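Data first, discussion second: the structure below is written as structure tokens.
The values are calculated or read from the model by the stated rules, or taken from the named source; none is laboratory data. Just so it is clear, the model here is predicted, and its values are computed rather than measured. Neighbour counts are summed over all protein chains in view; Cβ atoms, including those assigned to glycine, are modelled from backbone coordinates with ideal geometry. The accessibility values were calculated without ligands, DNA or RNA, using every heavy atom of the protein model including side chains. Shrake-Rupley method; radii C 1.70, N 1.55, O 1.52, S 1.80 Å.
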Amino acid sequence: MAMKWGSSNLLAGKVALVTGGAQGIGGAVVDALTDWGACVMVADLDQTKLDRRTAMYSGQVGGVCLDLTIPGAADLIVEAAWGQFGTLDIVVNNAGYAWDSTIVKMSDEQYSAMHKIHSEVPFRVMRAAAKRMIPLAKQEIAEDREVMRKFVNVTSGAYSFGLPGAANYAAGKAAMVGLTKSAAKEWGRYKFNVNAVAFGPIYTRMGSVQTEDNVIEVDGNKVAQGVPVEHLQRLGMDIPDPKEVEESITLSTPMKVCPLGRTGTMEEAASAILFLCSPLSDYVHGQVLTVSGGVSGGMA
């Protein structure tokens, strides 16, 4: 899918790793990075959508289908990127999902699952990538060359203002911010820009209406994605026909509580990540970029 701004060679010669990159915001990020010249290794749970994504690009995109939470998965996908493309310059930790419940009804498994995918997995991926990148960085520094590499973690505005009915998700996303800022302090010496993007109301499967088909399966559990109809109505959002959710999530929808009057699109979300992956952000470091259309507090 061509991005609306066309293509550029700004990232020519760069290699990126995108987790959860077969669909949604991650898929839009893959489109953006390739449009700007990068080669991309995609890690995702959905083999069908992963095959579809890689088939769109002739040799420019590779894919690994696996559960990122299993031991050794992070090392495997980093080695896959290195094996196919010969290096790694950009890491986008995008994979995630929601498993909602109120606190008193939430199981230990639900709480732990959100920390595993939103905090532990990004940590493992960053660690595996850095082990490979640091020797290159040391060599470049010894040669008095400054080569910037990029880590971008996808968090949520919920890390700051909380999210009723999803304390596990908000806590996991808050942990990701702490990880981002700590890595930035450790890795600045290697010229690794480490930043995060905190999204507000972006219209995705997680931000659309709950339906019987809007589910994912993780560790044998079928987990509903999306937002209950009554909650979307309180936010002043249009409710799509349940049969049209897949098509509607590529669009924006009106939203009264947002100062810009609408939700953001996946393409707009990807543009923020693209900025942090590009040389345009070489002096942006240890930051959380909020992309919310002006929404600055809880949306309950």
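Points worth noting:
- Checked against the criterion of being in contact with a strand residue (DSSP E or B) (Cβ under 8 Å, 6 or more places away or on another chain) and either modelled with pLDDT of 95 or more or of a type in the set (V, I, T) (or both), the candidates L274, L289 yield just one match: L289.
- Looking only at residues of region 117-161 that are open to solvent by less than 20 Å² (accessible area, probe 1.4 Å) and β-branched (V, I, T), we find that the one that is farthest from L10 (Cα to Cα) is I117.
- Residues (in contact (Cβ under 8 Å) with a residue 60 or more places away in the chain, more than 17 Å from M126 (Cβ to Cβ) and small (G, A, S)) located in region 14-37: G24, G27, A28, A32
- Which numbered condition V30 misses (of (1) open to solvent by 70 Å² or more (accessible area, probe 1.4 Å); (2) within 19 Å of R149 (Cβ to Cβ); (3) under 15 Å from the mean Cα position of the chain (by Cα); (4) of a type outside the set (G, A, S)): (1)
- For region 175-184, the count of residues that are within 20 Å of the chain's Cα centre (by Cα), over 25 Å from G24 (Cβ atoms) and open to solvent by 30 Å² or more (accessible area, probe 1.4 Å) is at least one.
- Among the residues making up region 57-82, a single one is surrounded by 24 or more Cβ atoms within 10 Å (Cβ to Cβ) and assigned to a loop (DSSP other than H, G, I, E, B): L68.
- Residue within region 83-95 that is open to solvent by 30 Å² or more (accessible area, probe 1.4 Å), out of contact with any strand residue (DSSP E or B) (no Cβ under 8 Å at 6 or more places or on another chain) and within 30 Å of E140 (Cα to Cα) present: yes
- Number of the condition not met by Q23 [criteria: (1) in contact with a strand residue (DSSP E or B) (Cβ under 8 Å, 6 or more places away or on another chain); (2) open to solvent by 10 Å² or more (accessible area, probe 1.4 Å); (3) of a type outside the set (A, V, I, L, M); (4) at pLDDT 95 or above]: (4)
- Counting residues in region 85-108 that are assigned to a helix (DSSP H, G or I), among the aliphatic types (A, V, I, L, M), more than 26 Å from L11 (Cα to Cα) and under 16 Å from the mean Cα position of the chain (by Cα) gives zero.
- Scanning region 37-55 for residues that are modelled with pLDDT of 95 or more, open to solvent by 10 Å² or more (accessible area, probe 1.4 Å) and in contact with a helix residue (DSSP H, G or I) (Cβ under 7 Å, 6 or more places away or on another chain) yields C39, D44.
- Qualifying residue in region 51-66 (condition: of a type in the set (K, R) and more than 18 Å from the chain's Cα centre (by Cα)): yes
- Single residue of M114, M106 found to be open to solvent by 20 Å² or more (accessible area, probe 1.4 Å) and touching a residue at least 24 places away in the same chain (Cβ under 8 Å): M106
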